[in-house]
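**Student:** First the structure, then my questions, so here it is.
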Amino acid sequence: MKLANLLMKLSNLDALPGQEEQVRLALKEEIQLSSQQDAFGNLYFGNLTATRKKIAIYAHMDEVGFFVHRITEEGFVYFYPIGGWWGHVILGQTVRATCRKNGYTLKGVVGTLPKENHDMKSVVPINEMYIDFGASSAEELIAAGLQIGDMILPDTIANYTFNQQKIIGKALDNRVACTVMSEVLNQYQGQNCEVIGVATVQEEAGTRGSKVAVKNVDADLNLVIDVANGKDTPKAAQFANRILGNGPGLVLADRTALGNLKLLDFIKEIAEEKNLNWQYDLLAGGGTDAGSVQLFNGKPTLVLCIPVRYCHSWHSIVDLKDIQRTIDLILAVLEVLDKRSDIFEQF
């Protein structure tokens with residue numbers, strides 16, 4: 001399946017905030033439009049100078065991860081987290097570090113020897129964890145190419161679940177959105193609106209890339225594609241919501257932005273007309289690129305959120321149906337907007 005293969009390809013790439021080159025190159029190969037890159041690293045597909053109505057689709061390329069913080073004389077590596085991490089998903093996991101000096105990949109395991117009085121019910125602080133690459137000294141690691149600041153990410157390979165309906169992999173936040181954006185841009189056939197794909201950098205480090213990108217795009221309407229933790233697992237929430245298989249969420253608000261309700265209702269009506277599953281969503285625990293995008297010239301902005309279980313961990317799970325329904329919904333929305341430019345004035 002082309003959709004699944006693209007997602008797994010992107011999931012397997014490594015892109016710490018500020019070091020997104022692997023994903024940037026992959027999107028240039030995948031998306032059948034000309035692209036340009038700004039000085040900050042954001043990637044744009046489509047004609048930024050178009051005078052017709054512009055619709056921007058945002059998806060961030062980076063993922064949560066770590067970088068090399070300190071190398072001990074004995075060859076152990078202490079690391080610094082970028083993005084939101086829970087310590088209980090890190091300890092004992094395998095990682096890969098990419099040496100920016102030569103491109104080599106070093107594999108190791110996160111380890112820590114508990115203190116004699118360590119409470120086994122508590123989570124080991126991340127700053128007490130280290131990575132064991134099997135080296136005997138700092139000199140050995142340095143000779144291999146490892147430097148302070150090199151990115152460290154989960155060492156995983158994406159794959160299907162047993163029933164072929166879902167994908168398990170790392171960095172589904174936000175390679176799921178990159179997959180959606182790629183498919184929408186490649187399939188859009190409109191003539192009256194210019195659809196701009198915006199692949200942003202450093203979202204997980206404070207939505208930094210979108211603050212630069214939005215000024216270059218200045219679209220008439222913005223759709224921000226992201227993911228959030230599914231709440232349909234045991235004891236995940238008081239009531240199940242953001243359910244895998246129930247379609248994309250139309251986000252009322254997150255911690256950085258309020259959704260444009262007129263735009264939300266417009267998209268909801270199209271989803272219902274096309275018999276596409278959707279669900280309301282509220283991202284109470286985090287922000288998205290919409291926070292930056294919405295505040296530039298106040299143009300209509302909405303987040304479409306795809307449910308993903310176990311975000312910001314070594315292994316996340318997404319339902320392929322949710323990805324396809326998001327693609328179908330966005331294409332349906334673009335089709336209507338392309339035919340009726342007067343609708344822009346209603347939001």
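The values are calculated or read from the model by the stated rules, or taken from the named source; none is laboratory data. Predicted model, so just to flag it, every value in this text is computed and none were measured. Don't worry about glycine lacking a Cβ; one is built from the backbone with ideal geometry, like all the others, and counts go over all protein chains shown. For accessibility, only protein heavy atoms count, side chains too; no ligands or nucleic acids. Shrake-Rupley method; radii C 1.70, N 1.55, O 1.52, S 1.80 Å.
**Student:** Can you tell me which residue is least open to solvent (accessible area, probe 1.4 Å) among those in region 232-264 that are without any contact (Cβ under 8 Å) to a residue 24 or more places away in the chain and within 20 Å of Gly287 (Cβ to Cβ)?
**Tutor:** Ala237
**Student:** Test of understanding: among Asp38, Asp14, which residue is in contact (Cβ under 8 Å) with a residue 40 or more places away in the chain and either under 14 Å from the mean Cα position of the chain (by Cα) or open to solvent by 60 Å² or more (accessible area, probe 1.4 Å) (or both)? Step through it out loud before you land on a result.
**Tutor:** On the way: Asp38 fails: either under 14 Å from the mean Cα position of the chain (by Cα) or open to solvent by 60 Å² or more (accessible area, probe 1.4 Å) (or both).
Testing whether each residue is in contact (Cβ under 8 Å) with a residue 40 or more places away in the chain and either under 14 Å from the mean Cα position of the chain (by Cα) or open to solvent by 60 Å² or more (accessible area, probe 1.4 Å) (or both) leaves just Asp14.
**Student:** Quick one: would you say Ser182 is at negative phi and out of contact with any Leu (no Cβ under 9 Å at 6 or more places or on another chain)?
**Tutor:** Numbers: at negative phi: yes; out of contact with any Leu (no Cβ under 9 Å at 6 or more places or on another chain): no.
Criteria not met by Ser182.
**Student:** Out of all the residues in region 39-80, which are part of a strand (DSSP E or B), among the aliphatic types (A, V, I, L, M) and more than 23 Å from Ser313 (Cα to Cα)?
**Tutor:** Across region 39-80, the qualifying residues are Leu43, Ile55, Ala56, Ile57, Ile71.
**Student:** Right, another one. For region 262-301, give me each residue that is touching a helix residue (DSSP H, G or I) at 6+ places or on another chain (Cβ under 6 Å), within 22 Å of Glu203 (Cβ to Cβ), not hydroxyl-bearing (Ser, Thr, Tyr) and not in a helix (DSSP H, G or I).
**Tutor:** Asp289, Phe296, Pro300
**Student:** I've got another one for you. Would you confirm whether or not region 229-239 contains a residue that is touching a helix residue (DSSP H, G or I) at 6+ places or on another chain (Cβ under 9 Å) and among the β-branched types (Val, Ile, Thr)?
**Tutor:** No, the conditions are met nowhere in region 229-239.
**Student:** Output the residue which, of all residues in region 17-35 that are among the small types (Gly, Ala, Ser) and under 25 Å from Gly190 (Cα atoms), is farthest from the chain's Cα centre (by Cα).
**Tutor:** Ser34
**Student:** Going through region 261-309 one residue at a time, which ones are aromatic (Phe, Trp, Tyr) and at pLDDT 95 or above?
**Tutor:** Hits for region 261-309 are Phe266, Trp278, Tyr280.
**Student:** Take the residues in region 246-256 that are at pLDDT below 95 and part of a loop (DSSP other than H, G, I, E, B); name whichever of them is farthest from Gly197 (Cα to Cα).
**Tutor:** By that ranking, first place goes to Arg255.
**Student:** Does region 85-107 contain at least one residue that is open to solvent by less than 30 Å² (accessible area, probe 1.4 Å), modelled with pLDDT of 95 or more, outside any strand (DSSP E or B) and in contact with a Ser or Thr (Cβ under 6 Å, 6 or more places away or on another chain)?
**Tutor:** no
**Student:** Take Ile131 and decide whether it is β-branched (Val, Ile, Thr), in contact (Cβ under 8 Å) with a residue 40 or more places away in the chain and over 30 Å from Lys321 (Cβ atoms).
**Tutor:** yes
**Student:** Test Asp328 against the criterion of being of a type in the set (D, E, K, R) and either open to solvent by less than 20 Å² (accessible area, probe 1.4 Å) or closer than 14 Å to Asn260 by Cα (or both), and give yes or no.
**Tutor:** For Asp328, the condition - of a type in the set (D, E, K, R) and either open to solvent by less than 20 Å² (accessible area, probe 1.4 Å) or closer than 14 Å to Asn260 by Cα (or both) - is not met.
**Student:** Counting only residues that are open to solvent by 10 Å² or more (accessible area, probe 1.4 Å) and among the β-branched types (Val, Ile, Thr), which one in region 196-221 is farthest from Gly286 (Cα to Cα)?
**Tutor:** Within region 196-221, the match that is farthest from Gly286 (Cα to Cα) is Val212.
**Student:** Continuing with this model, one more query. How many residues does region 150-179 contain that are surrounded by fewer than 22 Cβ atoms within 10 Å (Cβ to Cβ) and either on the phi > 0 side of the Ramachandran plot or β-branched (Val, Ile, Thr) (or both)?
**Tutor:** 5
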